[in-house]
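Okay, here's the structure, questions in a sec.
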Amino acid sequence: MKKCLLFALAVLAPMWVCLGQTDLSYYLPAKVQYNPTIPTPRSVIGHDVGEWHVTHDKLVYYMMALDKASDRISLEQTGLTHEARPLLLLTITSPKNHQNIEAIRTQHLQLSDASKSGALDLKTMPAVFYLGCSIHGNEASGANAGLLMAYHLAAAQGPEIEKYLENTIILFDPSFNPDGLQRFAGWVNSRKSKVISADPNDTEHNEAWPGGRFNHYWFDLNRDWLVAQNPESQARVKKFQEWRPNVLTDHHEQGTNATFFFMPGVPTRVHPLTPLKNQELTKKMGEYHAKALDEIGSLYFTQEGYDDFYYGKGSTYPDVQGSIGILFEQASSRGHAQESVNGVLRFPFTIRNHFVTMLSSLKAIQDMREELLSYQRDFYKSAAADAAKDPVKAYLVGSKDKARLFHFAEMALRQKVDVYKPAGNQTINGKTFEAESSYLLPMNQTQYKLIRGMFDKQVKFQDSIFYDISSWTLPLAFGLDYEEVKTIPSLGEKITELNMPTGKIIGTGDYAYVFEPYGYYAPRAMYKLLDKEVRIKVANEPFYVDGKKFDRGSIMVPVDNQNLIPDQINVIMKEITERDGIDVFAVSTGLDYKGVSLGSSSFYVLRKPEIAMLVEGGISPTDAGELWHLLDTRFQIPVTLIPINVFNSAPISKYNTILIPEGNHAAISDAGKEKLKAWVQAGGIVIGFERALNFLTNAGLGKFDVKKEEEKKEPAKPRPYAFIDEYGRAQETSGAIFEAEADLTHPILYGYTNPKVALFKSNNLYVQKANGPYSNPLSYGNNPLVSGYITKPNLEKLKNSSVLGTVAMGRGRVIGFTENVAFRAFWFGTNKMLMNAIFYGPMISAEASR
């Protein structure tokens, strides 16, 4: 094997690599003895580590075998993925610690309680180390290295490992993303040749869309730690909060031509809530990683490329909770071997680098144990002092929509944030918050810093480049009203259990049923009725029932002349109140002298959506996945996912709504464009997002004109050549929050109560306002920036630009959004726009066309 590898490395552009088996001696420390009663990976999974990519099922079998064989390991299933794969966590420590594990956990949590932590004897306390692998499924060297780490921790013998296990509780997650890992392993294993191709053009190295990076619904799970909208995230956040570890390591891969990265990241790109001491400890641990990689001759880098800013990432999430988050990035072979600028990159080599840094992390935690424990204690003591001095004593959040408020509180409780009901109604800055539809989050609590991380807004930054988004103010994301409370609030009931709110049927009339448009799950109720062939109508004018005003967008269900008898309709309406949290009003008359009567032609009969969405080609998997997840899991509305190459030739008459997500749409053929035009003319609704607006304009399906760059009259100011890359990246709007002005009488804005809407923008698309008086229902004003980073020139282009436009074509409509209205499943506040576009698109007047 060695001769073959030396020959391959000597060739200028090696295309094929001869690989023999790589046994455990390639990876494991040379001077360590191993317990022969502990099964090796090969004895369970059937191949050597690195010979094949381990599939998730085999990974599970091996972890179960270790749990059975070793008294150092306790395995638990913490949840299930969307595809029903088990999420595992192994607690690994000495047998003695296992006998006392709950007492150790309880004592460790006292480090985050400033009133109790001073009495703890840190010399006797173990550190807690959370080790996680391959949150991106196609970055598989981490999970494969996890096989070795689990074996080493279970089987290694001698005073060194005994000391590590006595002084450390290791929480080991062998696969953060089982569905993605399985998808990727299936791809590369099924395309592996006996004589391995290292050619980057080989099919093994070129995954089919959407690739293995994502989970089932194509979410990037490494952006989901803070909001935890996916089951994989919810399971690991629960365990993190149960333990609050001292260190969390997160093992990833990067581009094939890179080397190996370990934290810290770029020093100027650290979130201001993260203490300086956090970065000092990260650097100190880095010395251990450097030494371990030096010993095996691996190249590496640090303090460049990556950052510690967004608290939704796995390596940054711990930093606002008294922990140290460490990101490791290994150059990826994206298969079993691939050519790189550093020679042929072999899969076993990538695994070994991760394994040695897992060991170096363990050694660093052992040597720095008291320092890490002390840092965590000091972090929470400092946070308590800061909370006492903070002029903001609490945040008050509320909404007419109890479902969105529920999901916000649900998110906060997952993060062990204390949430209370207010003692009574409160009015702040002219806003009245009713006790029944509001929550209080006091600042005087353990998670003070994390609450700041959820609520803070920021427009000034030390750096102008972000690895991920620059702002995520969560009450704005959920579309909630909120205010700072400047005096110590009167607290009502503390929320310990949270149940999805239910509605009720109000009244006893049998003429019609009516419900308001504000409820988040109103679209689910609407689809349920339409799917049962119940005729429903939407109000385009306000009306009154028993003195109560119902705004535009309210839904009316006549009882008479339906396919179902009144009792059957009543059963459905009761189900809607229970499942969807909506109050339904049973009306006894259609007469209304204050507004319109229920028989008015201003009520529009809705059709059942038959939805298709374009996927594959150049479509962004994450954007498409967010839309799929929203329709499928939240609203239970079926959507057909049509690959672009199928769309180009398939009939589409069975659909009445087609979604075109963000991405590159060059794969849509001329025939596909012409077919789409004819389909719209016949009454179809196209809804496009972000760069899909460019496609729609170029295809003759609308006029979403982009603001042009002003012609430069003078040469650009000279800049140092060394700034080329950084200057270019600084022009990106990586993700910030802006306020748009909404026309609440427009059908796509039905159900909104505030004419100022918080939108998330992560692009540099700036669409000119249309000329028509009714054609700009949602647009940015003169001062749109709420929080986040945007360059001054881009901000100028954003001002007075359009967010939403509609185009009439025959009997159909084309609707375009410049922004992502379903961002990462936590931007609840703009989801209703999409659902309104789906249900109400056909009734938008041609006079409102761009």
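The values are calculated or read from the model by the stated rules, or taken from the named source; none is laboratory data. All of these numbers come straight from a predicted model, not from anything done at the bench. When we count neighbours, we look across all protein chains shown, and the Cβ atoms used for this are built from the backbone with ideal geometry, even at glycine. Only protein heavy atoms, including side chains, enter the accessible area calculation; ligands, DNA and RNA are left aside. Shrake-Rupley method; radii C 1.70, N 1.55, O 1.52, S 1.80 Å.
Scan PHE828, PHE817 and give me the residue that is under 23 Å from ARG607 (Cβ atoms) and buried (at least 20 other Cβ atoms within 10 Å of the Cβ). Explain how you work it out, then say what you get.
Working: PHE828 fails: under 23 Å from ARG607 (Cβ atoms).
Every option except PHE817 fails the conditions.
May I ask you to list the residues in the range 726-783 that are assigned to a helix (DSSP H, G or I) and surrounded by fewer than 18 Cβ atoms within 10 Å (Cβ to Cβ)?
Taking the range 726-783 first, the residues assigned to a helix (DSSP H, G or I) are 726-730, 747-749.
Within the range 726-783, GLU726, TYR727, GLY728, ARG729, ALA730 qualify.
Scan the range 30-43 and report the pairs whose first residue is within 24 Å of ILE296 (Cα to Cα) and whose second residue is of a type in the set (D, E, K, R), with Cβ atoms within less than 7 Å and a gap of 6+ or a chain change.
ARG42/ASP48
Moving on to the next point. Would you say GLU497 is open to solvent by 10 Å² or more (accessible area, probe 1.4 Å), part of a helix (DSSP H, G or I) and without any contact (Cβ under 8 Å) to a residue 40 or more places away in the chain?
No: the conditions fail for GLU497.
Any idea which of GLY314, GLY322, GLY297 is in contact (Cβ under 8 Å) with a residue 40 or more places away in the chain and on the phi > 0 side of the Ramachandran plot?
When all the criteria are applied, what remains is GLY322.
Can you confirm whether the range 832-845 contains a residue that is over 16 Å from VAL757 (Cβ atoms), over 22 Å from the mean Cα position of the chain (by Cα) and among the small types (Gly, Ala, Ser)?
Within the range 832-845, one or more residues are over 16 Å from VAL757 (Cβ atoms), over 22 Å from the mean Cα position of the chain (by Cα) and among the small types (Gly, Ala, Ser).
Something else: Just one of TYR482, TYR467, TYR439 is under 30 Å from MET833 (Cα atoms), open to solvent by 60 Å² or more (accessible area, probe 1.4 Å) and not in a helix (DSSP H, G or I); which is it?
After applying the criteria, what remains is TYR467.
Just to verify a result, which residue in the range 638-658, among those that are within 22 Å of PRO210 (Cα to Cα), of a type in the set (Val, Ile, Thr) and outside any strand (DSSP E or B), is nearest to the chain's Cα centre (by Cα)? Outline the logic, then answer.
Here is the first cut: in the range 638-658, the ones within 22 Å of PRO210 (Cα to Cα) are 638-650, 658.
Next, from what is left, pick out any that are of a type in the set (Val, Ile, Thr): 639-640, 642, 644, 646, 658.
From what's left, outside any strand (DSSP E or B): 644, 646.
Details: ILE644: 25, VAL646: 29 Å.
Only one residue fits best here, namely ILE644.
Moving to a separate point now. Identify all residues within the range 543-560 that are modelled with pLDDT of 95 or more, open to solvent by 30 Å² or more (accessible area, probe 1.4 Å) and part of a loop (DSSP other than H, G, I, E, B); write none if there are none.
Those that are modelled with pLDDT of 95 or more, open to solvent by 30 Å² or more (accessible area, probe 1.4 Å) and part of a loop (DSSP other than H, G, I, E, B): ASP551, ARG552, ASP560.
Would you call TRP218 outside any helix (DSSP H, G or I), in contact with a Lys or Arg (Cβ under 9 Å, 6 or more places away or on another chain) and either crowded, with 23+ Cβ neighbours inside 10 Å or of a type in the set (Phe, Trp, Tyr) (or both)?
Spelling it out, it is not the case that TRP218 is outside any helix (DSSP H, G or I), in contact with a Lys or Arg (Cβ under 9 Å, 6 or more places away or on another chain) and either crowded, with 23+ Cβ neighbours inside 10 Å or of a type in the set (Phe, Trp, Tyr) (or both).
Of everything in the range 818-850, what is farther than 20 Å from TYR521 by Cα and touching a helix residue (DSSP H, G or I) at 6+ places or on another chain (Cβ under 7 Å)? Give them in sequence order.
Filtering the range 818-850 down to residues farther than 20 Å from TYR521 by Cα leaves 818-819, 842-850.
The answer is THR818, MET843, ILE844.
Among the residues of the range 183-209, how many are open to solvent by 30 Å² or more (accessible area, probe 1.4 Å), in a loop (DSSP other than H, G, I, E, B) and of a type outside the set (D, E, K, R)?
Residues in the range 183-209 being open to solvent by 30 Å² or more (accessible area, probe 1.4 Å), in a loop (DSSP other than H, G, I, E, B) and of a type outside the set (D, E, K, R): 8 in total.
Only one of GLU162, GLU139 is among the charged types (D, E, K, R) and either in a strand (DSSP E or B) or within 18 Å of SER360 (Cα to Cα) (or both); which?
From the options GLU162, GLU139, the qualifying one is GLU162.
If VAL596 passes every condition in (1) more than 29 Å from LYS537 (Cβ to Cβ); (2) buried (at least 17 other Cβ atoms within 10 Å of the Cβ); (3) among the β-branched types (Val, Ile, Thr) but one, which one does it miss?
In the conditions (1) more than 29 Å from LYS537 (Cβ to Cβ); (2) buried (at least 17 other Cβ atoms within 10 Å of the Cβ); (3) among the β-branched types (Val, Ile, Thr), VAL596 misses (1) alone.
For ARG213, work out the one condition from (1) open to solvent by less than 10 Å² (accessible area, probe 1.4 Å); (2) farther than 16 Å from PRO318 by Cα; (3) part of a loop (DSSP other than H, G, I, E, B) it doesn't fulfil.
Condition not satisfied by ARG213: (1).
Moving to a separate point now. Identify, from the list GLU626, GLU690, GLU662, GLU610, the residue that is touching a Ser or Thr at 6+ places or on another chain (Cβ under 6 Å), under 30 Å from ALA403 (Cβ atoms) and either of a type outside the set (S, T, N, Q) or crowded, with 17+ Cβ neighbours inside 10 Å (or both).
GLU662
Something else: Checking PHE695 against (1) out of contact with any His (no Cβ under 7 Å at 6 or more places or on another chain); (2) of a type outside the set (Val, Ile, Thr); (3) crowded, with 19+ Cβ neighbours inside 10 Å, which single condition isn't satisfied?
(1)
May I pose another question? Under the condition of being open to solvent by 40 Å² or more (accessible area, probe 1.4 Å) and charged (D, E, K, R), which residue from the range 29-50 is nearest to the chain's Cα centre (by Cα)?
Only one residue fits best here, namely ARG42.
Separate question: May I ask you to say which residue of PHE406, PHE355, PHE347, PHE379 is in contact with a Ser or Thr (Cβ under 7 Å, 6 or more places away or on another chain) and among the aromatic types (Phe, Trp, Tyr)? Before you say what the answer is, go through the steps one by one.
Working: PHE406 fails: in contact with a Ser or Thr (Cβ under 7 Å, 6 or more places away or on another chain); PHE355 fails: in contact with a Ser or Thr (Cβ under 7 Å, 6 or more places away or on another chain); PHE379 fails: in contact with a Ser or Thr (Cβ under 7 Å, 6 or more places away or on another chain).
Answer to the check: PHE347.
Suppose the filter is part of a loop (DSSP other than H, G, I, E, B), on the phi < 0 side of the Ramachandran plot, open to solvent by 80 Å² or more (accessible area, probe 1.4 Å) and among the aliphatic types (A, V, I, L, M); does ALA716 pass it?
no
Enumerate the pairs (first residue in the range 277-289 and in contact (Cβ under 8 Å) with a residue 60 or more places away in the chain; second residue anywhere and of a type in the set (Phe, Trp, Tyr) and assigned to a helix (DSSP H, G or I)) with beta-carbon separation below 7 Å, excluding pairs fewer than 6 apart on the same chain, so at least 6 apart or on different chains.
Here the result reads LYS277/TYR375; LEU281/TYR375, each pair linking the range 277-289 to a residue that is of a type in the set (Phe, Trp, Tyr) and assigned to a helix (DSSP H, G or I).
Under the condition of being within 30 Å of the chain's Cα centre (by Cα) and part of a loop (DSSP other than H, G, I, E, B), which residue from the range 563-607 is nearest to TRP209 (Cα to Cα)?
From the range 563-607, those within 30 Å of the chain's Cα centre (by Cα) are 576-582; that's our starting set.
Filter once more, so that each one left must be part of a loop (DSSP other than H, G, I, E, B): 581-582.
Values: GLY581: 37, ILE582: 39 Å.
Top of the filtered list is GLY581.
Name the one entry in THR124, THR106, THR93 that is surrounded by fewer than 23 Cβ atoms within 10 Å (Cβ to Cβ) and either in contact with a strand residue (DSSP E or B) (Cβ under 7 Å, 6 or more places away or on another chain) or within 20 Å of LEU75 (Cα to Cα) (or both).
Answer to the check: THR106.
Return the pairs, sorted by first residue and then second, in which the second residue is surrounded by fewer than 13 Cβ atoms within 10 Å (Cβ to Cβ) and of a type in the set (Lys, Arg), the first residue lies in the range 586-614 and is within 17 Å of LEU530 (Cα to Cα), the beta carbons are less than 9 Å apart, and the residues are 6+ apart or on different chains.
GLU610/LYS654
Next up: Specify the residue that is nearest to SER333 (Cα to Cα); the eligible residues are those in the range 223-252 that are of a type outside the set (A, V, I, L, M, F, W, C) and open to solvent by 10 Å² or more (accessible area, probe 1.4 Å).
ARG223
Residue by residue, here is whether (1) touching a strand residue (DSSP E or B) at 6+ places or on another chain (Cβ under 9 Å); (2) not basic (Lys, Arg) holds:
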| residue | (1), (2) |
| --- | --- |
| LYS548 | yes, no |
| GLY553 | yes, yes |
| ASP560 | yes, yes |
| ILE565 | no, yes |
| ILE576 | yes, yes |
| VAL584 | yes, yes |
| VAL587 | yes, yes |
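Please give the helices (runs of 4 or more DSSP H) falling wholly within the range 19-114 in which 2 or more residues are modelled with pLDDT under 95 and within 23 Å of GLN182 (Cα to Cα).
Values: elements: 41-45, 56-69, 95-99, 101-109.
Where helices (runs of 4 or more DSSP H) fall fully within the range 19-114, none carries at least 2 residues being modelled with pLDDT under 95 and within 23 Å of GLN182 (Cα to Cα).
Only one of (1) part of a helix (DSSP H, G or I); (2) open to solvent by less than 30 Å² (accessible area, probe 1.4 Å); (3) closer than 21 Å to HIS252 by Cα is not met by GLY335, so which one is it?
Unmet for GLY335, out of (1) part of a helix (DSSP H, G or I); (2) open to solvent by less than 30 Å² (accessible area, probe 1.4 Å); (3) closer than 21 Å to HIS252 by Cα: (1).
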